[in-house]
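Notes follow once the structure below has been shown.
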Amino acid sequence: MFPSDENEISEENESTEAAEAAPAFDEDGVSPEQLEVGRLLFAKECTFVLGAVKLDQIPTTSLPEIAFAGRSNVGKSSLINTLTRRKYLARTSNTPGRTQEINFFNLDEKLMIADLPGFGYAKVSRSRVEEWTKLVNSYLKGRAQLRRVLLLVDSRHGLKSSDLEVMKMLDVAAVSYQIVLTKSDKIGKVDCARLIKKINEKAKHHTALHPEVIATSSRKGIGIDILRARLAALCED
Ligand SMILES: Nc1nc2c(ncn2[C@@H]2O[C@H](COP(=O)(O)OP(=O)(O)O)[C@@H](O)[C@H]2O)c(=O)[nH]1
Ligand SMILES: [Mg+2]
């Protein structure tokens with residue numbers, strides 16, 4: 001606010017307005033209203049649309065879209081299932097690096113969720129890595145309705161070199177992305193805060209990285225309501 005604007009408000013008005021307008025935010029800066037909007041959106045029906053192995057199979061829709069990315073086994077399927085309250089919507093597995101397809105889920109005709117293939121699995125051949133990069137890169141560049149990419153990072157491992165490569169790719173594509181920590185039940189609060197601080201220090205080198213890091217656990221339900229609220233806000237913008 002400009003100083004001149006402030007001067008125009010009388011002291012009496014200022015204090016009443018502040019008391020009325022101040023939203024009650026919790027420690028993560030999410031208001032109860034925002035949490036409620038997120039809760040309602042994710043209580044709605046979410047359906048699997050299709051799995052695309054090639055760019056021409058990607059669904060043509062103008063719904064706002066959020067993509068989930070992360071190293072294999074990071075807990076991506078578990079997080080999508082927990083967010084949407086569905087046990088088996090996105091397939092969870094212990095054999096990482098298998099599928100190279102983008103799975104699309106439609107949440108109540110309001111939001112499209114794109115589950116990008118996992119990356120960073122050590123045993124994957126070079127040609128598979130190239131295949132991944134080609135598919136994901138062309139998806140990122142051609143998807144105007146893509147509001148944000150959530151880059152999932154395992155709380156126990158922090159940012160790995162493959163994460164940094166993907167972050168560079170997103171910076172170059174100028175696609176807004178945000179880091180979501182998974183499996184935060186596996187580390188203590190102090191370690192979690194330390195990891196977030198470390199990521200924030202790296203953030204200045206990444207032009208398209210959103211400053212907020214959200215810590216989640218699908219197993220314990222940590223951070224799920226905040227993430228729902230953030231995604232709901234993104235599809236309203
Ligand atoms: N402790 C813990 N384990 C999790 C959590 N989310 C997923 N996992 C486990 O991590 C493994 C990989 O999960 P999955 O969702 O299939 O990962 P994806 O390969 O990224 O889709 C599975 O054994 C899950 O049970 C979590 O929040 N906490
Ligand atoms: Mg998966």
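Where a number appears in this text, it was derived from the coordinates with a stated rule and is not lab data. Here the structure is a predicted model, which means the values were calculated and not measured. Neighbour counts run over all protein chains shown; Cβ positions are idealised from the backbone, glycine included.
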Could you work out the percent of alpha carbon pairs in the stretch 115-217 separated by over 21 Å, rounded to a whole number?
36
Spin-label model distance (nm) - residue 236 vs residue 128, 7 Å beyond Cα toward Cβ
4.2
Taking a point 7 angstrom from the Cα of residue 162 along the C-beta vector, which residues in the stretch 101-141 have backbone N less than 16 Å away?
101-102, 116-137
If the limit is 20 Å between Cα atoms, which of 141/197; 44/141; 134/198; 160/186; 87/189 go over it?
141/197; 44/141; 134/198; 87/189
For the stretch 29-236 the mean separation of alpha carbon contacts under 8 Å (6+ apart) over residue count, i.e. relative contact order in percent, is 26
Scan the stretch 38-139 for chymotrypsin sites (Phe, Trp or Tyr not before Pro) in coil per DSSP, keeping those whose Cβ has at most 12 other Cβ atoms within 10 Å, and list them by number.
88
Taking 26 Å as the cut-off for C-alpha to C-alpha distance, list the pairs among 123/168; 54/123; 54/168; 54/183; 54/110; 76/168 that go past it.
54/183
Going fewest to most other Cβ atoms within 10 Å around each Cβ, 207, 216, 60 line up as 60, 207, 216
If neighbour count is taken as other Cβ atoms inside 10 Å, put 78, 127 in order from fewest to most.
127, 78
